[in-house]
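**Student:** Next up is a structure, given as structure tokens.
The values are calculated or read from the model by the stated rules, or taken from the named source; none is laboratory data. Model, not experiment: these values are computed from the prediction. Because the Cβ atoms are built from the backbone with ideal geometry, glycine has one as well, and the counts that use them run over all protein chains shown.
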Amino acid sequence: MNKNLSMFGVALLILTLVTAVILGFMAGPTSPLTWLLVAVLIALPFLHRKLSEKQYLVWKDEYSVGINSIDEQHKRLVNLINQLQTAVKYSTGETYEREALDELVDYTKTHFNYEEGLMEQNGYPDFEPHKAQHQAMIRKVEEVLAEYETNHDAAMKNALDYLGDWLINHINGTDKEYSSFLIEKGVK
Ligand SMILES: [Fe+2]
Ligand SMILES: [Fe+2]
């Protein structure tokens, strides 16, 4: 949904609830429905915060690949996705959104180069299929960047959904497969 439209919907909901509460008190403050509406109004900020937190990625120790340098890069990628989420959520404007998206794409490429370098130098047997996954992800991101030129909101939503899911699945699956091999080679 368009961001402005969704904010308008929330504002309309709050206005409707406030009006209903005022009318309820005018009709007679003992009505349980009025007090139920008061409770809903009080709970709204809490519910809103809880729903907002769910949109952000949270690093978990179980995501660790056991190699400190790579874990630190993965954590930075999680932070950059969250930074992009913040830029979109608070409608910070096209310049900030674009900067956040560019920073994420640039750092993703830096991280992929680092990982691929380690795999290649150490003779990791699944280097090629792993690299192919990285390349497929970059192609998808480039599609999103092209879409951004014509449809900002849809492109950003697609980018966040795709990047968040892809990153966690890749770190927690494909990246973990090289852990023991690279650790045995002395990579830290
Ligand atoms: Fe990685
Ligand atoms: Fe990877």
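**Student:** For segment 90-104, check the following and say yes or no: at least one residue is surrounded by fewer than 14 Cβ atoms within 10 Å (Cβ to Cβ) and closer than 27 Å to Ile183 by Cα.
**Tutor:** The answer is no, given that none of the residues of segment 90-104 is surrounded by fewer than 14 Cβ atoms within 10 Å (Cβ to Cβ) and closer than 27 Å to Ile183 by Cα.
**Student:** Scan segment 109-139 residue by residue and report those that are over 21 Å from Val187 (Cα atoms) and touching a residue at least 24 places away in the same chain (Cβ under 8 Å).
**Tutor:** So in segment 109-139, the residues over 21 Å from Val187 (Cα atoms) come out as 132-133, 135-139.
Listed by number, the residues that qualify are Gln133, Met137, Ile138.
**Student:** Here's another thing I want to ask about it. Can you name every residue in segment 72-95 that is among the hydrophobic types (A, V, I, L, M, F, W, C) and within 16 Å of ligand 2 (Cβ to nearest atom)?
**Tutor:** Hits for segment 72-95 are Leu77, Val78, Leu80, Ile81.
**Student:** Here is a further query. Among the listed residues Ser91, Ser64, which satisfies the condition of being on the phi > 0 side of the Ramachandran plot and either of a type in the set (Ser, Thr, Tyr) or touching a helix residue (DSSP H, G or I) at 6+ places or on another chain (Cβ under 8 Å) (or both)?
**Tutor:** Ser91
**Student:** Right, here's the next one. Does Asp165 satisfy the criteria of being among the acidic types (Asp, Glu), part of a helix (DSSP H, G or I), within 16 Å of ligand 2 (Cβ to nearest atom) and within 30 Å of Phe8 (Cβ to Cβ)?
**Tutor:** Considered against the rule, which asks whether it is among the acidic types (Asp, Glu), part of a helix (DSSP H, G or I), within 16 Å of ligand 2 (Cβ to nearest atom) and within 30 Å of Phe8 (Cβ to Cβ), Asp165 comes out as yes.
**Student:** What are the residues in segment 175-188 that are in a helix (DSSP H, G or I) and loosely packed, with under 15 Cβ neighbours inside 10 Å, if any?
**Tutor:** Those that are in a helix (DSSP H, G or I) and loosely packed, with under 15 Cβ neighbours inside 10 Å: Glu177, Ser180, Ile183, Glu184.
**Student:** Return yes when Glu149 is more than 15 Å from ligand 1 (Cβ to nearest atom) and modelled with pLDDT of 85 or more and no when it is not.
**Tutor:** no
Per-residue answers, yes or no, for (1) surrounded by fewer than 12 Cβ atoms within 10 Å (Cβ to Cβ); (2) within 28 Å of Ala87 (Cβ to Cβ):
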site: Val21; (1), (2): no, no
site: Gly24; (1), (2): no, no
site: Ser31; (1), (2): no, no
site: Val38; (1), (2): no, no
site: Ile42; (1), (2): yes, no
site: Lys50; (1), (2): yes, yes
site: Gln55; (1), (2): no, yes
site: Trp59; (1), (2): no, yes
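Per-residue answers, yes or no, for (1) acidic (Asp, Glu); (2) away from ligand 1 (no atom under 14 Å from the Cβ); (3) crowded, with 17+ Cβ neighbours inside 10 Å:
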site	(1), (2), (3)
Leu84	no, yes, yes
Tyr107	no, no, no
Phe127	no, no, yes
His130	no, no, yes
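**Student:** Limited to segment 175-188, what total is found for residues that are modelled with pLDDT under 95 and among the β-branched types (Val, Ile, Thr)?
**Tutor:** Looking only at that region, the number is 1.
**Student:** Given (1) within 16 Å of ligand 2 (Cβ to nearest atom); (2) in contact (Cβ under 8 Å) with a residue 24 or more places away in the chain, identify the lone condition not met by Gly173.
**Tutor:** Tallying (1) within 16 Å of ligand 2 (Cβ to nearest atom); (2) in contact (Cβ under 8 Å) with a residue 24 or more places away in the chain, Gly173 fails exactly one: (2).
**Student:** For a quick check of your reading: which helices (runs of 4 or more DSSP H) sit entirely within segment 1-108 and have at least 1 residues that are touching a residue at least 12 places away in the same chain (Cβ under 8 Å) and hydroxyl-bearing (Ser, Thr, Tyr)?
**Tutor:** So the answer is 32-54, 68-89.
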